[in-house]
């Protein structure tokens, strides 16, 4: 519903995370030392009450989130490239930082401004929905790694085509041109930089960059019903798998998916806000509902020269034991690896295939009675490790926390690399020459993320050596390692500091240079007199420690507590709201409510992320029970502390948070007086198969859980006021959820309020719609809190 890989490097001796996206807009000026900001708004140090309008809530980028994004080292490690917005908007351009001269330069700026959402296809718009992408202008780029050339070239996909830009000569070349009837989808360079693969007309194509020749590799697609090389809806939305094809390390083959959705009844969405009717005012989606059929997925391999396809011995969909194709990797020697989940998501097989014959062998099996969480930690290793037999790194939650294990080439586990009551998040890089592994994780607490190093040596007896922390400062650290494993980029933020980008030594984490900072603070943050929330700990009914954050009104303006209180809710698996991160400091709706004298509270209930599998799986088969009860425990804590009072507490949330807001209002009518439920799942039989069945099981096998977990089951208890907010063309959580809940309210004779957006999907994107939404939400809170 909502939540850096590694690639083989030079001579297969180094593996590292090369680039990342912060998923936030960027801004920069070109300065010879560090990148500095320029703001149109001056600091306001007067004692006057700041003017905090509703419009402030919806402005992007958020205060302080103007740092570079999509940072990447050039193949020779002499440049760092990044996306950046000089005018502080969402529209970004490509910049570079020269590590030898210390200069920032504008590298690439689209003549026509680049992407603006009006010049892309419907398929691309839906892919942006899946990725929660808001960025405009240039949204992605890749380095061309031609081994035979010393040129510095990047590939930039734009709405009108795919460009190659030579940083050395400033030459720009439109290599592949799009047409309105034939957009280019998901272009990616081959590892050797000579070829470009992409999807056009639902078929896989390659383009020879050196000879300007295009070749179609797959045939037989049937529109959106049968596709080649595209990830299906479930993969994009729920599995965090955005791609449907994968280059081999030697650039000679491409593995790809064939997705057949012909057996899934199409779900039609009508554009009720349009003046037109017919095909232009409707769209059909192959949406797999809980308990119903999934798409059928095959895995094929094709040579870049074209010719016959070799189909792997794998058929996902309609096979409960091998229902979902979750991940694809290549190992040395062109061995293809597939991770396949059973429908219950309690067993994951790691299969290896002979791409010449399609024959398979089970490499290993991961099982858990709760569920198996997907990850991107599978990392092939060279023969220099594990006694000369090769092997791979794997992450498992078999101890209750995700940790790394070394496996030999046949899949046998040689022992753990990490251990403890904390989790590994991602493998940042592996230096096999020195035997050192770099990863990000929660060693220093679940509210933070840091970079650590450990020896790449398993230990079967006795405790492992403790990880060595390489990042400095509390909060969240996102890192990118260079190709030579000497330096890393550190994007660091915390509750009290906005994102800062520095270059550090991978040897000891020491600072080399600052790439981007905000030395004078964030003027918009200061002008509005925002304050970071206070993080507190409370206990659930069973004694489990829960983390919460609290935005208290200014006592000098609004007097002592208790205050009217709104609880900001998400509460679903794979998401964490409360953390030591700047994103919480600039939660603008929470800050707006605080400026109006409303206390805002967030609590990560049991079931939320980054606390281990037992903590997360407390909600298995029981959505709407413990999650809602933990939110009640948070409200009771506030009441007991004299910060809130019963009868003046409301809730708001979106998606799962919208569900939990409505559910908590219905289950505990004596405590909660109102709720705002945005795009809520109101009954789990109406949501998708992968997400729902992972946590709730099949509807036929958990009738009681589905019934209790439906908001409609509790409508009779509702005493407070409910505002439902929903986009009518939401293809993720269909408007049908809200409509079914409205029917239940009508049948029960209960009042409700409804705010709909006929032309919006899962979250309003248009500025006017977002402003209107926030105005109506605040007006609702004023009337009912």
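At-a-glance table
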read-out: Chain lengthening between residue 535 and residue 274 when straightened (0.36 nm per residue, less Cα-Cα); value: 89.4 nm
read-out: Modelled FRET efficiency - R0 22 Å, residue 767 with residue 121, Cβ distances, 0.05 increments; value: 0.45
read-out: Kirkwood Rh in Å, taken over segment 114-234 so that all alpha-carbon pairs contribute; value: 15.2 Å
read-out: Label-point gap, in nm, between residue 211 and residue 511 - each point 7 angstrom along Cα→Cβ; value: 5.3 nm
read-out: Residues residue 51 and residue 105, FRET efficiency given R0 of 51 Å [Cβ-Cβ distance, rounded to 0.05]; value: 0.85
read-out: Order of 622, 783 - criterion: other Cβ atoms within 10 Å of each residue's Cβ, fewest first; value: 783, 622
read-out: Convex hull (Cα only) mean projected area of segment 391-536, reported in nm² to one decimal; value: 10.6 nm²
read-out: Where only C-alpha atoms are counted, convex hull volume of segment 559-708 per residue in Å³; value: 114 Å³
read-out: Neighbour-count ranking [beta-carbon atoms within 10 angstrom, fewest first] of 366, 616; value: 366, 616
read-out: Proxy reagent accessibility, fewest Cβ within 10 Å first, across 614, 493, 685, 112; value: 112, 614, 685, 493
read-out: Bins of 10 Å, starting at 0 and running to the largest distance - Cα pair percent for segment 79-167; value: 16, 45, 30, 9, 0
read-out: Under the Debye formula (equal points on every Cα, no solvent term), log10 I(q)/I(0) of segment 128-168 at q = 0.18, 0.22, 0.31 Å⁻¹; value: -0.60, -0.77, -1.09
read-out: Cα pair distances exceeding 15 angstrom across segment 699-785, given as percent; value: 65 percent
read-out: Average Cα contact separation per residue, segment 529-784, under 8 Å, 6 or more apart, as relative contact order %; value: 15 percent
read-out: 13 Å cut-off, amide nitrogen to a point 7 angstrom out along residue 134 Cα→Cβ, residues in segment 78-95; value: 89-91
read-out: Prolate/oblate/rounded label for segment 601-663 (Cα gyration tensor, a/c 1.5); value: prolate
read-out: Cα Rg, Dmax, segment 705-746, angstrom units; value: 11.2, 31
read-out: Rg(Cα) / (2.2 N^0.38 Å) computed for segment 144-199, rounded to two decimals; value: 1.15
read-out: Dmax and Rg, reported as Rg then Dmax, of segment 529-784 (C-alpha, Å); value: 17.3, 56
read-out: Value of D in µm² per second that Stokes-Einstein yields for segment 479-616, Kirkwood Rh from Cα pairs, at 20 °C (1.002 mPa s); value: 124 µm²/s
read-out: Segment 328-450: projected area of the alpha-carbon convex hull, averaged over directions, in nm²; value: 8.2 nm²
read-out: Protection proxy ranking of 565-573, 459-467 - average other beta-carbon atoms within 10 Å, highest first; value: 565-573, 459-467
read-out: Segment residue 281-residue 739, extension gain: residue separation times 0.36 nm, minus the distance between their alpha carbons; value: 162.9 nm
read-out: Per-pair calculated FRET efficiency, R0 = 41 Å: residue 469 and residue 315 via Cβ, rounded to 0.05; value: 0.35
read-out: For the chain, diffusion coefficient by Stokes-Einstein and Kirkwood Rh (Cα), 25 °C, 0.890 mPa s, µm²/s; value: 89 µm²/s
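Coordinate-derived values only; no laboratory data. Since the model is a prediction, treat every value here as computed from it, not as a measurement. Positions of Cβ are backbone-derived with ideal geometry, glycine not excepted, and every protein chain shown enters the neighbour counts.
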